[in-house]
Structures are given as C-alpha cells and as structure tokens.
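Here's the structure, in structure tokens; my notes come after.
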Amino acid sequence: MNWAGPEFVLAIIAISTGGWVINNWIRARHGYALEDEWGGKTDRADDQAMARLRDENALLRQQLDATHQRLTNVEAIVTDRGFAVANQIDALRHQDDRRAQ
C-alpha cells in the first residue's frame, strides 16, 4: 500500500467522517448533546421549545391556508368572463380617448 498516495488520505477522511457520524448517532439515540463540525455542542430541544415550534407551525399553516383561499378568489375573479369583458371595454375607452386627442 502506498502510504503517501491519495487513496490513503481518502481512507483516513472516510474513517474519520464515519466515526463522527456514528458518534453523533449514538449520542442522539441516548439523549446526549450532539457535537457540531467545530467541536461545539448542540443541546436537544426542550419540551417548551418544541411546543413553541408546534404553535408557530400551526399559525403559519393558518396563514398559508388563508393566503391560499385569497389567491383562489383572485384567480376566480381574473378568469371570470365578466372581468375580461370589462377589461376589453376599458381598452376600447382608452382607444377612443387616444383618438380624440
């Protein structure tokens, strides 16, 4: 085996990364703080934080549903035949105004 070759360097990197992933998986499974890529610790989210996130998620879903409903109404108005006719009438009025000038 060539100890100075790129295969050896890549093998060391793969082993180190695999060890880090396995270490974090074991820590997460047993409830310990996770280690980030810079050696710092990331604590698990507490129940209060999770409840706040659930509440915020519910609020955002409500806002998204309301926005979706409004967009559906706007689409219905724009695709309505009466709206198109009104736009054509306005276009003709503007055309008449231009001719009069």
- Just one of [x] 31.0, 91; [y] 12.6, 38; [z] 13.5, 40 is Rg and Dmax of the Cα atoms in Å calculated from these coordinates, so which is it? [x]
- Would you calculate, for the chain, the mean residue ellipticity at 222 nm contributed by helices, counting each DSSP H stretch of 4 or more residues as -39,500 (n - 2.57) and dividing by all residues, to the nearest 500? -27000 deg cm²/dmol
- Item | Radius 12 Å from Cβ of residue 61, net charge of other residues (Lys, Arg +1; Asp, Glu -1) | -2
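Note down the relative contact order for the chain as a percent, whole number, built from C-alpha pairs under 8 angstrom at least six residues apart. Each step should come with its number before you reach the end.
Numbers: 22 pairs, mean separation 8.4, N = 101.
Result for the chain is 8 percent.
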- Item | Pairwise Cα inverse-distance average, inverted: Kirkwood Rh of the stretch 46-101 (Å) | 15.0
- Item | Potential extension, residue 88-residue 54 segment - 0.36 nm per residue separation minus Cα distance | 7.4 nm
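Where a number appears in this text, it was derived from the coordinates with a stated rule and is not lab data. Quantities reported herein were computed from a predicted structural model and do not represent experimental measurements. Every residue, glycine among them, receives a Cβ derived from its backbone with ideal geometry; neighbour counts consider all protein chains shown.
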